[in-house]
Every structure is written in structure tokens, then in C-alpha cells.
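The values are calculated or read from the model by the stated rules, or taken from the named source; none is laboratory data. Because the structure is predicted, anything quoted here is derived from the model rather than measured. With ideal geometry, Cβ positions are generated from the backbone for all residues, glycine too; neighbour counts draw on all protein chains shown. Note: accessible area is taken over every heavy atom of the protein model, side chains too, but ligands, DNA and RNA are not part of it. Shrake-Rupley method; radii C 1.70, N 1.55, O 1.52, S 1.80 Å.
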Amino acid sequence: MRSPMQAIDEAHRLVVKIGSSLLLQDDALNHAWLAAMAADLAKLNKSSKKLIVVSSGAVSLGCAALGLKRNQLTLEESQAAAATGQIELARGWQAALAEQGLAAAQILLTAEDTEQRRRYLNARQTLITLLAHGAVPVINENDTVATQELRYGDNDRLAARVAAMVSADCLVLLSDIDGLYDADPTQNENANFIEKVPHINAQIEEMAGGTGSSHGSGGMVTKLQAAQIAQRAGCHMVLTSGRAMTPLSALAEGARATLFEAHDNPHSARAAWIAGGLKPSGSLHLDEGAKRALYDGKSLLPVGLTSVAGHFERGDCVALMAADGQEIGRGLSAYASTEAQRMIGLSSDAMENELGYRGRSEMVHRDDMVLHGKSEVLEKGEGNE
Ligand code: GLU
């Protein structure tokens, strides 16, 4: 049985996400913790691992500098706080990593950078070049320009998207909680610790309700979403506490952690990008026949569509929904939602008449589609009944 430490040891590319509450002490950057963390990371770097840090803390640091209250921010105030705090955060990381002989490289990403294919590939290339040159990318969301409609808002999912982006083998989420419990351990002393999660199903999702902290914006819900993105991309995720001065070394000494194991048949890099999309622009609802055809490896044809929801353009990512309301996969739609609406239930010939031109006969081509692991879909379906 693989332990969390083994997952970290075996990884060639490792992403470590650090929550805001760890980096701050009395509203200031905790330099002592940061220095110890950098030393902990440097130890791993010696074993020729490629490291990426995803660091939160900009908004909280900025709030302290500007005299704002973190839990009462307007969007503009959080953008202003991030602009102020990020500069301090970056300086802190640069100094701490330099102490260890490591070059830090700041990357600020917006959701568009991970959700639009061309920008995604561009960011990926920059990251890979930095790793090849031995730098440690220190990533945060670009909160200063992120808009309400399309933003991560939490670094858990951002870190998972980054891990998938660089085909990392392991993502470590350092948090103020040491793993997943079947109830909130701060409220319930009988809460049981969960050591290993091979698949996120309805039962696991239920455990996530309501565990949060005052600094970060994630809570357990976004941690599970991150785990799912990572697992599907073939990347382990370790959730553990970062409260110790050297939390990665603490794991080697037996500190508690939950391991979300990478799935056995991970998606290809492109498929992982489709599957892990932040927010599909719409959904295509399928009949039973179409669902079976998809599981047999076929493309989605308009004849199998029962309804279309949302507004999307050609090439946008959509959710594929079965008749029972279950999301069974994701895909890139070959048609915009306005055209898709007109094509519901049509045969390929009727389609040409309706559109007035001969377009692609598939609504979503097989190569542009990923189906979620059958066990995830089945287990979730059972949980919903
Ligand atoms: N990007 C935010 C920051 O730097 C943190 C989001 C989070 O708490 O996950 O303050």
C-alpha cells in the first residue's frame, strides 16, 4: 500500500500548494515558517525533483497592509489587497528560496490562462522552461485582474489544474487541517480520519460539508474538487497539515495525511485538460442509446440529444449529462448552443437541411470527449438514489 510520503518520494514533478493561514502570523508574513518551508522544499530538490509552489496569501497580506477586513471585501477591494500583498509574498518567497540557492520565478494566472487551450499551452511551456532551468515557479491566481465571472477564488483547484498542466505526479495541499475526516473534527470529536481515497464519490463529498478556516477561501469542498482534477490526470494528491515548521519532513516522520490516489488509467494530457475544466459553458443531455454509444467508444450524434442548456460557442467545453441527471463526461462541442438547439434529435441528413450547409455530423467527436471513470459515475448514481 502506497503511503503519502512514497507518493512524494516517487514524484518527478511535484506541486506544493500552501494555504494563506500557514503563511501569516498576526497578519504579517511568517518569515520563520517560510524559511523552514523553503529548506524543506530544497531537501526534495536535491533528489532532482522538479518543484512548483502554489502560494496563497496575497489577499490576506494586502488586507493587513491596507487595513481591510478579509471577510468583508468587495471585488475591487480584494483586487487592491492582492496587488499590495502579492509583492510582499513574492519578495518573501524569493528571499527564502535564495537562502537555499534556488531561483524563484513568479507566475500569476487567471482562470482564462488555464481554461483557454492556447493560453493553457502557452503557460505550460513557460512552466516547463522554468523547470528545465532549475527555477522554482511560485504561482498564485492573478487576483488583481480576475473578474467575478471567471475566477478560481481558491488556490486548491488552481494548484490541481497546474499539476495537470505540467503532468505532475503528485500534488501536496498544505492546509490547516491534516486530512479528510468523515465529519468536521473541530465540531465532532468522534470524527474518523480517512487515510486513502481512491475515488471521489457521493459519500466522500458528503464528508466535505462545512470544514473551513478563517484565512483561506477553499474549505474542504474545493480540496475534493482539486483531488478529482488531479486523480483524473494521473496525479496523486496528498492533503496534510502545514502547521509544522517543516511539514514535508514531518510526513516522513509519520505525520497524518490523506492520500487521494491517482487513477490507474489516467487521461492523456489533452483529455485531462477537458475533464478538469473549471466550469463547463453548458450541457448536452443525452438519451440512453447515446449514453451506451459513448461508452462503446462512439461520438455523440445530434440524434441522441434530448436537450441543450447554457450558452456556448463552437469549441467550448460542455458537460455530457445522462437521462438520470448524472454528468458522465465532458467534451468540446462542434456546434454553438444556438445551432445545437436546432439539431436536437435530428438524423445527419435532416441536420444538413436544418442548418443549410453540411457541417460535422458529430455534436461532440470521440477525440474531443472524456468520460468520467465508470466507478465514479456508478458510485455517485448509487448515492443519489
Ligand atoms: N489567491 C488568494 C490569495 O493569494 C488565495 C486563495 C485561497 O485562499 O485559496 O490570497
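What to note about this one:
- Contacts under 7 angstrom Cβ, first residue in region 81-97 being touching a residue at least 24 places away in the same chain (Cβ under 8 Å), partner of a type in the set (S, T, N, Q) and away from the ligand (no atom under 11 Å from the Cβ), 6 or more apart: ALA90/GLN106
- In region 12-67, counting only helices (runs of 4 or more DSSP H) that sit wholly within it, the ones holding 1 or more residues that are away from the ligand (no atom under 14 Å from the Cβ) and open to solvent by less than 10 Å² (accessible area, probe 1.4 Å) span 31-45.
- Condition check for GLY254: in contact (Cβ under 8 Å) with a residue 60 or more places away in the chain, open to solvent by 10 Å² or more (accessible area, probe 1.4 Å) and of a type outside the set (A, V, I, L, M, F, W, C): no
- Selected residue (criterion: farthest from ASP154 (Cα to Cα)) from residues of region 269-306 that are of a type outside the set (D, E, K, R) and surrounded by fewer than 14 Cβ atoms within 10 Å (Cβ to Cβ): GLY289
- Counting only residues that are open to solvent by 50 Å² or more (accessible area, probe 1.4 Å) and closer than 15 Å to SER283 by Cα, region 343-364 holds 1 of them.
- ALA90 vs. criteria open to solvent by less than 50 Å² (accessible area, probe 1.4 Å), within 16 Å of the ligand (Cβ to nearest atom) and either part of a loop (DSSP other than H, G, I, E, B) or touching a helix residue (DSSP H, G or I) at 6+ places or on another chain (Cβ under 7 Å) (or both): no
- Any chance ALA191 is of a type in the set (Gly, Ala, Ser), surrounded by 14 or more Cβ atoms within 10 Å (Cβ to Cβ) and in contact (Cβ under 8 Å) with a residue 12 or more places away in the chain: no
- Meets criteria (under 25 Å from the mean Cα position of the chain (by Cα), within 12 Å of the ligand (Cβ to nearest atom) and either surrounded by 15 or more Cβ atoms within 10 Å (Cβ to Cβ) or in a helix (DSSP H, G or I) (or both)) for ALA82: yes
- Residue in region 190-210 that is among the polar types (S, T, N, Q) and within 23 Å of LEU14 (Cβ to Cβ) present: no
- Filtering region 68-79 to residues that are open to solvent by 70 Å² or more (accessible area, probe 1.4 Å) and either without any contact (Cβ under 8 Å) to a residue 24 or more places away in the chain or hydroxyl-bearing (Ser, Thr, Tyr) (or both) leaves LYS69, GLN72, GLU76.
- Count - residues of region 323-358 that are in contact with a strand residue (DSSP E or B) (Cβ under 8 Å, 6 or more places away or on another chain), of a type in the set (A, V, I, L, M, F, W, C), touching a residue at least 40 places away in the same chain (Cβ under 8 Å) and not in a helix (DSSP H, G or I): 3
- In the set ALA160, ALA135, ALA202, ALA168, only one residue is open to solvent by less than 30 Å² (accessible area, probe 1.4 Å) and at pLDDT below 95; that residue is ALA202.
- The residues on offer are LEU127, LEU180, and the sole one that is open to solvent by less than 10 Å² (accessible area, probe 1.4 Å), modelled with pLDDT under 95 and either away from the ligand (no atom under 16 Å from the Cβ) or over 22 Å from LYS223 (Cβ atoms) (or both) is LEU180.
- Any hit, region 359-370, residues being basic (Lys, Arg) and part of a loop (DSSP other than H, G, I, E, B): yes
- Residues of region 135-156 satisfying the condition of being touching a strand residue (DSSP E or B) at 6+ places or on another chain (Cβ under 8 Å), away from the ligand (no atom under 14 Å from the Cβ) and part of a loop (DSSP other than H, G, I, E, B): ALA135
- Any hit, region 171-186, residues being assigned to a helix (DSSP H, G or I) and in contact with a strand residue (DSSP E or B) (Cβ under 6 Å, 6 or more places away or on another chain): no
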